[in-house]
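The values are calculated or read from the model by the stated rules, or taken from the named source; none is laboratory data. Note that this is a predicted model, so its numbers are computed, not measured. So basically every Cβ, Gly included, is an ideal-geometry build from the backbone, and we count neighbours across all protein chains shown.
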Amino acid sequence: MISSVRYWFLIALILVVYIAGLFVTLFENDSAQFAVMAMRMVQENDFFTLIKGTEEYLDKPHMHYWLAAFSYKLFGIHDWAYRIPGMLAIFLGAYSCFGLGKLLYNTDVGKIAALIFLTAQTIVLSGIDVRTDAVLTGFTIFSIWQLALYVEKNTLRNVLFGAFGAGLAFSTKGQIALVVIGVAILCHLAYTRKWNRILNWKVFLALLVFGIAIAPMLYAYYLQFDLHPEKVIRGRDHRSGVFFILWEQSFERMSGQGVGKNSSDFFFFFHTFLWVFLPWTVLALMAYWSRAKVFIKMRFTYHRQFEFLTLGGITILFFLISLAQFKLPHYINILIPLYAILSASYLYKLYKFQKRKVIKTLLGIQYFILSLVFITTLLICFYAFRFEKTYCYFLLIALLGIITYFCLKREVYFLRIITISVCSSMLLNAVLNMHFYPNLLTYQAGSTMAGIVEKEKIPVDEIYKISERHTWALDFYNQYPVKVVPIADLENRNGIWIYASDNELEQMVNSGYHWHEQITVDQFRITRLQLKFLNPNTRPKKLNKMHLVQLD
């Protein structure tokens, strides 16, 4: 199996890439938005109210914002401080994958599962574009691991830890956490026939711990909404925050009510999975198909060497989330730990039973994925955003040297598959975190303009906008939200600064306003990449402009 030296070397590479991502500029919309929401909590010393811009926020619960606010309290308001809780949750998720893999199979499967989880593309991305899903995933798989330990060993400590983890996960994103935890554990109970674990006094203590864990979030909702029935949220008054999070939230997302509909495509997550689990996608598909055939052949009869927690959890939950009318790629993150453990167990089985033909085929596939990653990195570094600093060439050569060494090293195919796959992920994400994103984010107007504001010492409390358009990155990096002033109210406000688009500048000109000081920066919606933008020759045609003008 994989040696400790090799394993910890790969973990060290992964850690370097994650740490590099901490210091990248925040992405609009969600990351910057959530960072601003947590920043408001600290600045106004109000940790019970969720505000999105100037609006009451009734969607996701408080835990993610509390953790970010706590990090701000410790380290100051910085983008890297915002990301720290998310990164810690990701590594908690990796450790939980190790623990659950070890419980269901053995230590080797647990170690491989942790590597797969940490290098799955969507998980690496969630460490830099931090949303609620990074924290949710970590707490959810921790809870599943601890509750599975309770089912197997009937230990009080584990069921209490599992309940506490479930409470934190529920306080992060609501009912979806309990659905995932519940389905996974029910699949495990159904397969092992250990239903007696439910009718146990320890479970009642666990429910008490769960209630205590979610109590702060429920109290915050009660203060903000239940005590103020006059508040109108999405066109309705008399909204109960407690009732919303305990009942309404997931139904709204499944039906598309409240948050709206963005996809009725049942197969959205099927094709999304093809990239979110790279470089392990083919391995995961082979693992799922192989395990499904085994269970069908056995007619789901119990055998100690098998487990149904991962396969059953993935199958049922994938079907449920595919029914939702509002879908985004990162919604699948919560299932990645289950995929990681299932994939690791299949890879270990190939090694244990010497399935040389399958292993050799899989190694060829992983080499092909590595070649695609290699081509992609070259296009990024020498075409989309060309290297400008000498040390970048040395870093890239060092990375390629490490990968070449492991490609040429004569060792068992099983070990090559693991090493090559991890290196594929690390090569791509090292280039993304250290080169691509920093260059890409120069086209995010809000953060770029904030740098100019700081350099030119423009007073942040004198910057306004004339529309309700959100300016999350500018708000965060100014550490002061841009205030809205209607265009009709600009009279007698000489000397103030207006942050505006081309159309808004035209409105101001038509309304008779003038200025001499004007700062202009490029703007592109960086989370919606297009080939014409990535092509340096056609990029200028895809750019918009944002302006900061000082009224005469």
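So which residues in the range 385-411 are out of contact with any Ser or Thr (no Cβ under 7 Å at 6 or more places or on another chain), at pLDDT below 90 and surrounded by 13 or more Cβ atoms within 10 Å (Cβ to Cβ)?
Correct list: Phe387, Cys392, Leu395, Leu396, Leu399, Leu400, Ile402, Ile403, Cys407.
A quick yes/no check of all residues on (1) basic (Lys, Arg); (2) loosely packed, with under 15 Cβ neighbours inside 10 Å; (3) closer than 26 Å to Phe34 by Cβ:
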| site | (1), (2), (3) |
| --- | --- |
| Asn478 | no, no, yes |
| Ala488 | no, yes, no |
| Glu491 | no, yes, no |
| Tyr499 | no, no, yes |
| Met508 | no, no, no |
| Glu517 | no, yes, no |
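Say whether the condition of being of a type in the set (A, V, I, L, M), within 25 Å of Thr107 (Cα to Cα) and outside any loop (DSSP other than H, G, I, E, B) is met by at least one residue in the range 306-313.
Checked the range 306-313: at least one residue is of a type in the set (A, V, I, L, M), within 25 Å of Thr107 (Cα to Cα) and outside any loop (DSSP other than H, G, I, E, B).
Scanning the range 16-48 for residues that are among the β-branched types (Val, Ile, Thr) and surrounded by fewer than 16 Cβ atoms within 10 Å (Cβ to Cβ), which turns out farthest from Ile233 (Cα to Cα)?
Val16
Within the group Met286, Met254, which residue is touching a Leu at 6+ places or on another chain (Cβ under 8 Å), in a helix (DSSP H, G or I) and modelled with pLDDT under 90?
Met254
Could you pull out the residue among Gly110, Gly101, Gly86 that is assigned by TED's automatic domain parsing to the domain that holds Trp145, closer than 21 Å to Ala20 by Cβ and out of contact with any strand residue (DSSP E or B) (no Cβ under 8 Å at 6 or more places or on another chain)?
Gly86
Of the conditions (1) of a type in the set (A, V, I, L, M, F, W, C); (2) more than 30 Å from Cys381 (Cβ to Cβ); (3) not in a strand (DSSP E or B), Ile498 fails just one. Which one is it?
Looking at each condition in turn, Ile498 falls short on (3).
Against the condition part of a helix (DSSP H, G or I), of a type in the set (S, T, N, Q) and in contact (Cβ under 8 Å) with a residue 12 or more places away in the chain, how does Gln507 come out, does it pass?
yes
Evaluate the following for Ser371: is it touching a residue at least 12 places away in the same chain (Cβ under 8 Å) and part of a helix (DSSP H, G or I)?
The answer is no for Ser371.
Could you check how many residues of the range 459-476 are part of a helix (DSSP H, G or I) and touching a residue at least 40 places away in the same chain (Cβ under 8 Å)?
Count: 4.
Tell me which of these Phe267 doesn't satisfy, since it passes every other one: (1) within 22 Å of the chain's Cα centre (by Cα); (2) without any contact (Cβ under 8 Å) to a residue 40 or more places away in the chain; (3) more than 27 Å from Ser143 (Cα to Cα).
Looking at each condition in turn, Phe267 falls short on (2).
Return the residues of the range 433-458 that are without any contact (Cβ under 8 Å) to a residue 24 or more places away in the chain and either in a loop (DSSP other than H, G, I, E, B) or crowded, with 23+ Cβ neighbours inside 10 Å (or both); say none if nothing qualifies.
Result: Lys457, single match.
Quick check: is even one residue across the range 187-205 within 30 Å of Phe34 (Cα to Cα), out of contact with any His (no Cβ under 7 Å at 6 or more places or on another chain) and in the same structural domain as Asp46 (by TED's automatic domain parsing)?
No, that holds for no residue.
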